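Okay, so here's the structure we're looking at.
The values are calculated or read from the model by the stated rules, or taken from the named source; none is laboratory data. This one's a predicted model, so the numbers in the text were calculated from it and none came from an experiment. Positions of Cβ are backbone-derived with ideal geometry, glycine not excepted, and every protein chain shown enters the neighbour counts. Accessible surface areas use protein heavy atoms only, side chains included; no ligands, DNA or RNA. Shrake-Rupley method; radii C 1.70, N 1.55, O 1.52, S 1.80 Å.
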Amino acid sequence: MADDGRSAAPHGAVGLGSAPGSSPGTPSGTPSRTVARRLGDEELPEPLGTALQTYLDHLGVERGLSANTLSAYRRDLTRYLHFLAQRGRRAPADVVEEDVREFVLHVRSGGDGTAGLAASSTARVVAAVHGWHRFCALEELSPGDPSRAVRPPAQPRRLPKALSTDDVER
C-alpha cells in the first residue's frame, strides 16, 4: 500500500487524510490512543475508548454519516462510556443489561448533575447505545448485545393543532 498520508484505521477502514499516527476524524497529529478516551479528569479504560473510536470510524467511513451526526454520536456515547467506567466496566464485554437500563434512567433524570433529557433526546441516546453495542457484538468485542431488550422511554402523544377558520376556508 502506498504511503499517501492516510493512516490505517482499525479493522481495515480507510483513513480520512489524517496525519500519520492519528485516527480518522481526529485533529491532525493527535495520537489515536488519546482520542475519545479522556472524559473530564478521568481516563477511560483502553478497551472502551478503542471500541468507541473504531465505531465512530465505521460510522464515518463505511456508513458515510455527516460530521454533525458523528459529533452527536461521540457526545452521547462518551457520556455513556463515562457512566460505564464509573460503574467499573473496563471493556464492552463487561457491560450487562442492567448497566444500560441504569444509564437510561441516569440521563432521563439528570443523574450526573446535568438537566434530565426529554423523552425524544433520551430515545436518541438509546439509539446510539444500541448501535454501539450491536457493532461491538458483530466485531466480537463482546459476547452479545446487552442493550437488546432496553427500550427508550415512551414519547408523549401530542394533540394535533386546530386549524384556524381562515385555513379551513382556503
With the requirement that a residue be in contact with a Leu (Cβ under 7 Å, 6 or more places away or on another chain) and of a type in the set (A, V, I, L, M, F, W, C), what does the stretch 100-121 give you? Val107
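For the stretch 80-170, please list each of the helices (runs of 4 or more DSSP H) lying entirely inside it that holds at least 2 residues being of a type in the set (Lys, Arg) and surrounded by 14 or more Cβ atoms within 10 Å (Cβ to Cβ).
On the way: elements: 97-109, 119-138, 165-169.
Where helices (runs of 4 or more DSSP H) fall fully within the stretch 80-170 and carry at least 2 residues being of a type in the set (Lys, Arg) and surrounded by 14 or more Cβ atoms within 10 Å (Cβ to Cβ), they are 97-109, 119-138.
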Qualifying residue in the stretch 51-64 (condition: touching a helix residue (DSSP H, G or I) at 6+ places or on another chain (Cβ under 9 Å) and part of a loop (DSSP other than H, G, I, E, B)): no
Kindly evaluate Arg75 against the criterion of being modelled with pLDDT under 50, in a helix (DSSP H, G or I), surrounded by fewer than 19 Cβ atoms within 10 Å (Cβ to Cβ) and out of contact with any His (no Cβ under 6 Å at 6 or more places or on another chain). no
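Anything in the stretch 62-82 that is out of contact with any Lys or Arg (no Cβ under 9 Å at 6 or more places or on another chain) and either under 14 Å from Leu48 (Cβ atoms) or small (Gly, Ala, Ser) (or both)? List them, or say none.
Kept after step one, since they are out of contact with any Lys or Arg (no Cβ under 9 Å at 6 or more places or on another chain), are these residues of the stretch 62-82: 62-71, 73-75, 77-80, 82.
Within the stretch 62-82, Gly64, Ser66, Ala67, Ser71, Arg74, Leu77, Thr78, Arg79, Tyr80, His82 qualify.
Mind checking which residues of the stretch 49-72 are open to solvent by 30 Å² or more (accessible area, probe 1.4 Å) and of a type in the set (A, V, I, L, M, F, W, C)? Let's see the steps before the verdict.
First pass over the stretch 49-72, keeping only residues open to solvent by 30 Å² or more (accessible area, probe 1.4 Å): 50, 58, 61-71.
Matches in the stretch 49-72: Val61, Leu65, Ala67, Leu70.
Condition check ((1) farther than 17 Å from Thr50 by Cβ; (2) modelled with pLDDT under 95; (3) basic (Lys, Arg); (4) touching a helix residue (DSSP H, G or I) at 6+ places or on another chain (Cβ under 8 Å)) across all residues:
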position	(1), (2), (3), (4)
Arg101	yes, no, yes, no
Val107	yes, yes, no, yes
Gly111	yes, yes, no, yes
Ala123	yes, yes, no, no
Trp132	no, no, no, yes
Ala137	no, no, no, no
Ala149	yes, yes, no, yes
Lys161	yes, yes, yes, no
